[in-house]
Amino acid sequence: MSLSEDLYKELIIEHSQNPGHRGHLEHPQVVEEGVNRSCGDEVSVELILTDGVVSDIRVNGRGCSISTASASMMADSVEGMTVEQAEDLIDNFKGMIVDNREVAFPDELEDLEALKGVQKYPVRVKCATLSWNTLEQALQKAVKL
Ligand code: ZN
């Protein structure tokens with residue numbers, strides 16, 4: 001196994017054991033739920049947009065380590081982004097995992113590459129993309145408010 005594969009595994013374990021952005025917002029603008037039936041993963045995304053920027057996000061739920069780690073990385077990544085930046089990132093992330101697209105993330109987001117290996121396991125793809133799809137739906141609702 002290559003060094004980067006080891007590092008990637010470490011990152012996924014770290015995020016799944018100690019996921020970030022948990023808990024609840026006092027006044028979320030949008031709460032969106034997502035379920036991945038094939039694995040039993042559940043996720044709930046709470047969101048506040050301020051002037052078109054994702055100013056607060058919380059992600060809760062339960063599921064396998066891939067879905068939990070992916071949700072944690074997703075929340076870490078998009079907080080502080082504009083809706084447009086977040087949508088671009090969702091597109092890139094799903095492109096990497098679903099379409100096997102070559103994606104270069106900026107340095108501060110390169111942890112996301114840790115999930116790239118999931119593309120080899122079609123069953124796990126849904127685990128990794130669940131929170132991102134749920135975020136996408138939450139954003140679509142939030143911009144209409
Ligand atoms: Zn799963």
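The values are calculated or read from the model by the stated rules, or taken from the named source; none is laboratory data. Predicted model only: the values in this text are computed from it and were never measured. Positions of Cβ are generated from backbone atoms using ideal geometry, with glycine treated the same way; all protein chains shown enter the neighbour counts. Heads up: the accessible areas ignore ligands, DNA and RNA and are worked out on the full protein's heavy atoms, side chains in. Shrake-Rupley method; radii C 1.70, N 1.55, O 1.52, S 1.80 Å.
Taking the chain, how many lysine pairs are there with alpha carbons less than 23 Å apart, if each pair must be eight or more places apart or span two chains?
Eligible lysine pairs with Cα atoms under 23 Å apart amount to 10.
May I ask you to list the trypsin sites (Lys or Arg not before Pro) in the range 1-81 that are in a DSSP loop and have at most 14 other Cβ atoms within 10 Å of their Cβ?
On the way: sites: Lys9, Arg22, Arg37, Arg58, Arg62; in loops: Arg22, Arg37.
The qualifying sites are Arg22, Arg37.
Under the rule a/c < 1.5 gives rounded, and otherwise a/b versus b/c splits prolate from oblate, where does the range 24-98 land using the Cα gyration tensor?
Oblate.
Say each of Lys116 and Val31 gets a label point 7 Å from the Cα, pointing the same way as Cα to Cβ; how far apart are those two points in nm?
In this crude spin-label approximation the distance works out to 3.8 nm.
What's the angle, to the nearest 10 degrees (0 to 90), between helix 83-98's Cα axis and the longest principal axis of the chain?
30
Compute, for Glu108, the solvent-accessible surface of its heavy atoms (probe 1.4 Å) with the complete set of protein chains present, and express it in square angstrom to the nearest 10.
Accessible area of Glu108: about 150 Å².
Could you pull out the GluC sites (Glu not before Pro) across the range 61-107 that fall in loop regions by DSSP (anything but H, G, I, E, B) with no more than 10 other Cβ atoms inside 10 Å?
Within the range 61-107, the qualifying GluC sites (Glu not before Pro) (loop, at most 10 other Cβ atoms within 10 Å) are Glu102.
In Å³ and rounded to a whole number, note down the convex hull volume per residue for the Cα atoms of the chain.
102
At what distance in nm do the modelled label points of Leu145 and Asp88 sit from each other, each positioned 7 Å from its Cα along Cα→Cβ?
Placing both labels 7 Å along Cα→Cβ, they lie 2.4 nm apart.
Given the options Glu110, Glu14, Glu26, state which has the largest fluctuation in a GNM of the chain using a 10 Å cut-off (strictly under) for Cα springs.
Of the options given, Glu26 has the highest mean-square fluctuation.
Extension gain Val123-Phe105, at 0.36 nm per residue separation less the Cα-Cα distance, in nm?
Full extension from Val123 to Phe105 adds 4.1 nm.
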